[in-house]
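The values are calculated or read from the model by the stated rules, or taken from the named source; none is laboratory data. Bear in mind that the values here come from a model prediction, so they are computed numbers and not experimental data. Quick reminder, even Gly has a Cβ in these numbers, built from the backbone with ideal geometry, and neighbours come from all protein chains shown. We work out accessible area using only protein heavy atoms, side chains counted, and drop any ligands, DNA or RNA first. Shrake-Rupley method; radii C 1.70, N 1.55, O 1.52, S 1.80 Å.
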Amino acid sequence: MTKTVLVTGGTGTLGKLVTPLLLEAGVHVRVLSRTAREGADGIEYVAGDLQTGEGVTAAVAGADTILHLAGGQKGDGEKAQTLVTAAKAAGAPHLIYISVVGAERVPVESALDRMVMGYMASKRDAELVVEQSGLPWTTLRASQFHELLFTMVSAMAKLPIAPAFNFRFQPIAAVEVARRLVELTLSEPAGLVPDIAGPSVYTMKELVRSYLTAVGKKRPIITLKAPGKAARAYAAGANLALDRAVGKQTWEEFLSTKLATPTHA
């Protein structure tokens, strides 16, 4: 029988890359959507909301595997628990979660930490829910996507003086993460698998400078020191996976391709 995979966050940056790859692999793809919509391009859409729990039970029914890509700045743990509760009632599907490199190493303890690094804490909360769910599970931690950093630096470059925190990043192409997730989806549950990260490390200042150069702009860049214990860990490289630099596309290659598209020409 055809394997059914439920994808949360299927309309996001990563989800839009994962779903066609799953279809190519011959599985039935079901996407959890917050609004009702007709099926298209071979994808079934089911309305549901992980925050309220509405529609989630119907969404997980009959799913062999759940690929949990949905996430945000806060509340990921609660949303993961909603998903787990529904999944356990439906049977024992393989639950696959995408997290972020360093989620377990960045200490988010104070209100200041949560304000600056709430995303890391949210991811870690969801990791623990998945790990302790009692379901067969797999978690993959990835470094920051090129696409996310592009959004960040292009916004900074619009300011008269571009700010850059004292952070380093190891960006990876989202499509490379998508391919790895499909491999995991088609495999047996594996628990916490090795991280996946990009080929090179850059300071935030270097990312901003390379973007400005690529678009032909000049801006002064000021380096800022982010406050708090979590930010200090991040600045020390807790978000890096130097021994897992398995990504192929460099930031420079991504930038060249991205800016060559009509939208950014």
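Just one residue in the set Glu206, Glu253 is more than 19 Å from Met120 (Cα to Cα) and surrounded by fewer than 15 Cβ atoms within 10 Å (Cβ to Cβ); that residue is Glu253. Beta carbons closer than 8 Å, at least 6 apart along the sequence or on distinct chains, pair a first residue in region 143-154 that is over 12 Å from Phe254 (Cβ atoms) with a second that is in a helix (DSSP H, G or I) and open to solvent by 20 Å² or more (accessible area, probe 1.4 Å) for Ser154/Tyr211.
Does Val18 count as over 17 Å from the mean Cα position of the chain (by Cα), open to solvent by less than 50 Å² (accessible area, probe 1.4 Å), modelled with pLDDT of 95 or more and of a type in the set (A, V, I, L, M, F, W, C)? So Val18 fails the test.
Which of the residues belonging to region 104-124 are closer than 20 Å to Asn166 by Cβ, open to solvent by 30 Å² or more (accessible area, probe 1.4 Å) and under 15 Å from the mean Cα position of the chain (by Cα)? Matches in region 104-124: Tyr119 only. Can you name the condition, by its number, that Pro194 falls short on among (1) in contact (Cβ under 8 Å) with a residue 60 or more places away in the chain; (2) within 24 Å of Ala178 (Cβ to Cβ); (3) open to solvent by 70 Å² or more (accessible area, probe 1.4 Å)? Pro194 satisfies every listed condition except (1). Screening the candidates Leu83, Leu23, Leu6 for the property of being hydrophobic (A, V, I, L, M, F, W, C) and either open to solvent by 10 Å² or more (accessible area, probe 1.4 Å) or without any contact (Cβ under 8 Å) to a residue 60 or more places away in the chain (or both) yields one hit, Leu23.
Just one of the numbered conditions (1) polar (S, T, N, Q); (2) assigned to a loop (DSSP other than H, G, I, E, B); (3) within 12 Å of the chain's Cα centre (by Cα) is not true of Thr139: (2).
Residue by residue, here is whether (1) surrounded by fewer than 22 Cβ atoms within 10 Å (Cβ to Cβ); (2) among the aromatic types (Phe, Trp, Tyr); (3) within 20 Å of Ser133 (Cα to Cα); (4) under 19 Å from the mean Cα position of the chain (by Cα) holds:
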| residue | (1), (2), (3), (4) |
| --- | --- |
| His28 | yes, no, no, no |
| Arg34 | yes, no, no, yes |
| Gly39 | yes, no, no, no |
| Glu44 | yes, no, no, no |
| Leu67 | no, no, yes, yes |
| Gln73 | yes, no, no, yes |
| Asp76 | no, no, yes, yes |
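Pick out the one residue from Leu186, Leu181 that is surrounded by fewer than 20 Cβ atoms within 10 Å (Cβ to Cβ), of a type outside the set (D, E, K, R) and in contact (Cβ under 8 Å) with a residue 60 or more places away in the chain. Going through Leu186, Leu181 in turn, the sole match is Leu186.
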